[in-house]
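Undergrad: Sharing a structure below in structure tokens format, with a few things to ask.
Derivation of every value follows stated rules applied to the coordinates shown; laboratory data play no part. Just so it is clear, the model here is predicted, and its values are computed rather than measured. Here the Cβ is made from the backbone with ideal geometry for all residues, glycine too, and neighbour counts use every protein chain on show.
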Amino acid sequence: MEEETHTDAKIRAENGTGSSPRGPGCSLRHFACEQNLLSRPDGSASFLQGDTSVLAGVYGPAEVKVSKEIFNKATLEVILRPKIGLPGVAEKSRERLIRNTCEAVVLGTLHPRTSITVVLQVVSDAGSLLACCLNAACMALVDAGVPMRALFCGVACALDSDGTLVLDPTSKQEKEARAVLTFALDSVERKLLMSSTKGLYSDTEQCLAAAQAASQHVFRFYRESLQRRYSKS
Amino acid sequence: MKETPLSNCERRFLLRAIEEKKRLDGRQTYDYRNIRISFGTDYGCCIVELGKTRVLGQVSCELVSPKLNRATEGILFFNLELSQMAAPAFEPGRQSDLLVKLNRLMERCLRNSKCIDTESLCVVAGEKVWQIRVDLHLLNHDGNIIDAASIAAIVALCHFRRPDVSVQGDEVTLYTPEERDPVPLSIHHMPICVSFAFFQQGTYLLVDPNEREERVMDGLLVIAMNKHREICTIQSSGSEMQ
């Protein structure tokens, strides 16, 4: 049964200015998520953050090749495909980051000698791609019913040359920024699962605190969209 | 991952139903599934849903030097990828036969039929031409990949806009989208593939086979045609047809 949940969440700072679409503070772009949209994968989700959109499909727990099997837990594999061209080194490094995050969260010991495959397809890239991939992967794992100890989310932030922090940057903001940081946070205690940074910056705590505050909104969005999907009304 | 094998009773059921002109999803033998086309935010991005089969198409362009024997023509490059999301059996090493067959068919249908005017893609003869690259990703496999992929390719090509270029003597100026509006490609006609699955030497023909029907079919006939009733490509594979 295909359930479409277009839950929208728009968060603005209390003192957001009127002219620009985002105020000079913590504000995330418009979210939307759709689950169970593909018939073949065990779980699938499409996550939209502003104009960035990623489609994730999960197969698992399923049969694993003998060369890749681990005797006491599930083998997690992440595949990220860009929209244009063949996958390269950047995709491989992102796959690794996402895999490390998922391995920290998925209860692999419940399904030994099986494989859980997460396939991600970039549908459009307008900034914060790694964060959007993490969110889509989490929603797809939930849709597939893979047991996890916590949910996780990705939040990206950019520091521009005068030190202002912008959350969920667009590709233009990412290009002009001095540093771009992406954090993966878990849902139970907002602990840091993964961080990937690029550029010059000195204050990690401030960025991490801002990301933790923003992750609250993302987890609330997850909860609302799942509630809407499973409610009977 | 290995593909789940099709049980004998399911195979017999499907074949018997086809002999009685019945299809599992209630369609008639010449009925197509519903097609839904949606566009993305970039130029040249589209998603085509043919029933449950889903294909993502993206067109991009780049300035390159032309091929030596075709110095005044642009280059068209097609790449169809069977994503691992589409079916558990599509692993990187295991799909080569199907992949080559589909890619070759796409090339014949779109490049050899000359639907895109490659002469208009020339910027400086012998030095710089546009290379148009069409990337198609199969996201969900429920049969009839070729039709969905050909629709996605031609729709993405029609939707695409390339940056405007002007040549003055020896100087070539490439305008960004902010300076000058991007220009559409010049498309002569739109070839679309239609697949027929045939059973028992062509006694029974089904249009737009879904995944189960593809597994039990004897052979596949693909015809690419455009609006002006011209045939662009024909390919028949599998057993003989009478």
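Undergrad: Given chain A, what percent of its DSSP beta bridges are antiparallel, to the nearest 5?
TA: 85
Undergrad: Now for a separate question. How large is the Kirkwood hydrodynamic radius of the range B:18-238, in angstrom, based on all distinct alpha carbon pairs?
TA: 18.7
Undergrad: On a C-alpha basis, how far is the centre of the range B:75-94 from the centre of the range A:105-153 in Å? Whole number, if you could?
TA: Result: 21 Å between the Cα centres.
Undergrad: Another question about this same structure. In the protein assembly as shown, if the dipole is taken from +1 on Lys/Arg beta carbons and -1 on Asp/Glu beta carbons about the Cα centre, which of A:74, B:165, B:236 is farthest to the positive end?
TA: Value: A:74.
Undergrad: Hand me the GluC sites (Glu not before Pro) from the range B:148-213 located in a DSSP loop with no more than 13 other Cβ atoms within 10 Å, in residue order please.
TA: In loop regions of the range B:148-213 (DSSP not H, G, I, E or B), the sparsely surrounded GluC sites (Glu not before Pro) are B:178, B:179.
Undergrad: With the crude spin-label approximation of a point 7 Å out along Cα→Cβ, what separation in nm comes out for residue A:103 versus residue A:209?
TA: Going from the residue A:103 label point to the residue A:209 one covers 3.3 nm.
Undergrad: I need the phi-derived Karplus couplings for the range B:75-91: 6.51 cos²θ - 1.76 cosθ + 1.60, θ = phi - 60°, integer Hz, Gly and Pro marked x.
TA: Working through the residues one at a time gives 10, 10, 10, 10, 9, 9, 10, 8, 5, 5, 6, 5, 7, x, 7, 7, 9 Hz.
Undergrad: Between residue A:92 and residue B:180, what is the FRET efficiency for a Förster distance of 41 Å, r being their Cβ-Cβ separation, to the nearest 0.05?
TA: 0.65
Undergrad: Could you list B:159, A:30 so that the one with the fewest beta carbons within 10 Å of its beta carbon is first and the one with the most is last?
TA: Fewest-to-most Cβ neighbours within 10 Å comes out as A:30, B:159.
Undergrad: Further, regarding this structure: Using helices alone, what [θ] at 222 nm do you get for the protein assembly as shown, with -39,500 (n - 2.57) per DSSP H run of 4 or more residues, divided over all residues and rounded to the nearest 500?
TA: After summing the helix terms and dividing by the residues of the protein assembly as shown, the value is -8000 deg cm²/dmol.
Undergrad: Calculate the dipole size of the range A:120-191 relative to its Cα centre from +1 charges on Lys and Arg beta carbons and -1 charges on Asp and Glu beta carbons; express the result in debye to the nearest 20.
TA: Here the range A:120-191 has a charge dipole of around 160 debye.
Undergrad: Of the beta bridges DSSP finds with both residues in the range B:50-179, what % are antiparallel, to the nearest 5?
TA: In the range B:50-179, DSSP labels about 70 percent of beta bridges as antiparallel.
Undergrad: A further question on this structure: Treating the beta-carbon of each Lys and Arg as +1 and of each Asp and Glu as -1, no other charges, what is the dipole magnitude of the range B:18-238 about its Cα centre, to the nearest 20 debye?
TA: 560
Undergrad: The range B:1-86: which GluC sites (Glu not before Pro) are DSSP loop and have at most 14 other beta-carbon atoms within 10 angstrom?
TA: B:3, B:20
Undergrad: In nanometres, what is the gap between the two model label sites at residue B:36 and residue A:216, each 7 Å from Cα along Cα-to-Cβ?
TA: According to this spin-label approximation, the distance is 3.6 nm.
Undergrad: Considering every residue in B:84-91, what mean count of other chain Cβ atoms within 10 Å of its Cβ is obtained?
TA: Mean partner-chain Cβ count within 10 Å for B:84-91: 6.
Undergrad: Could you tell me how far the Cα centroid of the range B:98-166 sits from the Cα centroid of the range A:155-177, in Å?
TA: 35
Undergrad: Let me know the longest stretch in chain A that avoids all GluC sites (Glu not before Pro) found in a DSSP loop with at most 14 other C-beta atoms within 10 Å.
TA: It runs A:64-188.
Undergrad: Calculate the FRET efficiency for residue B:203 and residue A:200 from the Cβ-Cβ distance with a Förster distance of 60 Å, rounded to the nearest 0.05.
TA: Efficiency, from the Cβ-Cβ distance: 0.25.
Undergrad: Quick one: pull the percentage of alpha-carbon pairs in the protein assembly as shown with a separation above 45 Å.
TA: The proportion of pairs with Cα distances above 45 Å equals 18 percent.
Undergrad: While we're here: Please report B:85, B:217 as a ranked list, fewest other C-beta atoms within 10 angstrom at the top and most at the bottom.
TA: Neighbour counts put them in this order, fewest first: B:217, B:85.
Undergrad: Mind jotting down the distance between the C-alpha centroids of the range B:189-222 and the range A:47-73, whole Å?
TA: The two parts, judged by their Cα centres, are 32 Å apart.
Undergrad: A further question on this structure: Which trypsin sites (Lys or Arg not before Pro) in the range A:50-95 sit in a loop by DSSP (not H, G, I, E or B) and have at most 16 other Cβ atoms within 10 Å of their own Cβ?
TA: Within the range A:50-95, the qualifying trypsin sites (Lys or Arg not before Pro) (loop, at most 16 other Cβ atoms within 10 Å) are A:65.
Undergrad: Picking from B:140, B:175, B:28, whose Cα lies most toward the positive end of the charge dipole for the range B:18-238 (charges on Cβ: Lys, Arg +1; Asp, Glu -1)?
TA: B:28
Undergrad: Additional query: What is the calculated FRET efficiency for residue B:69 to residue B:237, with r their C-beta to C-beta distance and R₀ = 25 Å, to the nearest 0.05?
TA: Step by step, r from the Cβ atoms, then E = 0.25.
Undergrad: For the range B:204-218, in order, what is each residue's ³J(HN,Hα) by Karplus, 6.51 cos²θ - 1.76 cosθ + 1.60 with θ = phi - 60°, in whole Hz (x at glycine and Pro)?
TA: Result, ordered by residue: 10, 10, 10, 8, 6, x, 8, 4, 5, 5, 5, 6, 9, 6, 7 Hz.
Undergrad: When B:7, A:115 are ordered from fewest to most other Cβ atoms inside 10 Å of their Cβ, what list results?
TA: B:7, A:115
Undergrad: Does the range B:42-101 come out rounded, prolate or oblate, given a ≥ b ≥ c as the square roots of the eigenvalues of its C-alpha gyration tensor, rounded meaning a/c under 1.5 and, failing that, prolate meaning a/b above b/c?
TA: oblate
Undergrad: Count the net charge of all other residues whose Cβ sits under 11 Å from the Cβ of residue B:152, scoring Lys and Arg as +1 and Asp and Glu as -1.
TA: With Lys, Arg at +1 and Asp, Glu at -1, the neighbours total -2.
Undergrad: Check which residues have an amide H placed less than 5 Å from residue A:115's amide H, if you skip close sequence neighbours.
TA: HN-HN under 5 Å from residue A:115: A:62, A:63, A:64, A:75.
Undergrad: Mind listing the long-range amide H neighbours of residue B:238? Cut-off is under 5 Å, sequence gap 5 or more, other chains count too, H placed in the peptide plane at 1.01 Å from N.
TA: It is B:220, by chain and number.
Undergrad: So, counting K/R as plus one and D/E as minus one, what does the shell of residues with Cβ under 13 Å around residue A:62 add up to?
TA: -1
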